[in-house]
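Asker: Sharing a structure with you now.
The values are calculated or read from the model by the stated rules, or taken from the named source; none is laboratory data. Fair warning: this is a prediction, and the values are worked out from it, not measured in the lab. Neighbour counts run over all protein chains shown; Cβ positions are idealised from the backbone, glycine included. Protein only, heavy atoms only, side chains kept; ligands, DNA and RNA dropped before computing areas. Shrake-Rupley method; radii C 1.70, N 1.55, O 1.52, S 1.80 Å.
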Amino acid sequence: MANGNDPNQSLAVLIDADNANPGIVDGLMAEVAKIGIASVKRIYGDWTTPHLGKWKEVLLDHSIQPIQQFRYTVGKNATDSAMIIDAMDLLYTNRFDGFCLVSSDSDFTRLAARLRESGQKVYGIGERKTPKPFVSACDRFIYTDVFTTPQEEDVTEAHRPQGKKELRGNTALVRLARAAIEATSDENGWANLSPVGSYMNKTANDFDPRNYGYTKLSSLFEAIGLFDIERRDNGVFVRDTRRRANGST
């Protein structure tokens, strides 16, 4: 799927240890590698507390630098403040093209918006429970369940491909797909799948075919069953089947 990523862009990967599961780490770093180069990898938390023990077991394998932040008072999250301050310090070095903010915490909404205001690409990575304002503040938001296995967490629905009935019943998905094709198609209604995917990502920044159980955008379109698919020498093309019914060739 086309998403406009530059595989050579320099990224700062900042992880909120209090709001991320260590079971995602392999999939997380593989996902980051698709987006760009992780020039900085830092994870924030109070490493004197036992609940971060599993994170400590995987940090060395991925060369992620732990940043210690003591809790000053009970109920207050000093980790968020430390991560935000570090992000702004890294921004002002002018060394990066983008930031990966790994958290499901809405407290990072303003940080994401501020980084984008400075011309940075912001990729949010978090759980489905992530509040919508944080999701919307990022250029692209990736849900962690798309790159974890069922053994790593109890959520298995994201790993099961949705059927035609489920997909067609998702009016928001069908509307988005049709709008993307309409915006990028030729006079006969055919659209190259690459710009279609880019349009869908820009319009719905948390769109990902893996959210529906499919690894490829073409597979998702085929599963919906409302679109014609043509594989040509210059790419995969898709068309709304209603254009065929209207006599378009």
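Asker: Identify all residues within the stretch 168-195 that are more than 21 Å from the chain's Cα centre (by Cα), assigned to a loop (DSSP other than H, G, I, E, B) and among the polar types (S, T, N, Q); write none if there are none.
Answerer: S185, N188, listed by residue number.
Asker: Filtering the stretch 196-213 down to residues that are in a helix (DSSP H, G or I) and in contact with a Phe, Trp or Tyr (Cβ under 7 Å, 6 or more places away or on another chain), which residue is surrounded by the most Cβ atoms within 10 Å (Cβ to Cβ)? Working first, answer last.
Answerer: Taking the stretch 196-213 as the starting set, the residues that turn out to be in a helix (DSSP H, G or I) are 196-203, 209-212.
Among the residues that remain, those that are also in contact with a Phe, Trp or Tyr (Cβ under 7 Å, 6 or more places away or on another chain) are: 200-201, 211.
Details: M200: 25, N201: 20, N211: 17.
Residue satisfying both the conditions and the ranking: M200.
Asker: So which residues in the stretch 10-32 are surrounded by fewer than 22 Cβ atoms within 10 Å (Cβ to Cβ) and assigned to a loop (DSSP other than H, G, I, E, B)?
Answerer: N21 - this is the single residue of the stretch 10-32 that is surrounded by fewer than 22 Cβ atoms within 10 Å (Cβ to Cβ) and assigned to a loop (DSSP other than H, G, I, E, B).
Asker: Something else about it: Quick check, is K216 touching a helix residue (DSSP H, G or I) at 6+ places or on another chain (Cβ under 7 Å), within 18 Å of I142 (Cβ to Cβ) and surrounded by fewer than 18 Cβ atoms within 10 Å (Cβ to Cβ)?
Answerer: Yes: the conditions hold for K216.
Yes/no per residue for (1) open to solvent by less than 20 Å² (accessible area, probe 1.4 Å); (2) farther than 21 Å from V146 by Cβ:
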| site | (1), (2) |
| --- | --- |
| A38 | no, no |
| Y44 | yes, yes |
| G53 | no, yes |
| V58 | no, no |
| S104 | yes, no |
| F108 | yes, no |
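Asker: Which of the residues that make up the stretch 214-237 are more than 22 Å from the chain's Cα centre (by Cα), in contact (Cβ under 8 Å) with a residue 24 or more places away in the chain and in a loop (DSSP other than H, G, I, E, B)?
Answerer: Within the stretch 214-237, G225, L226, N234 qualify.
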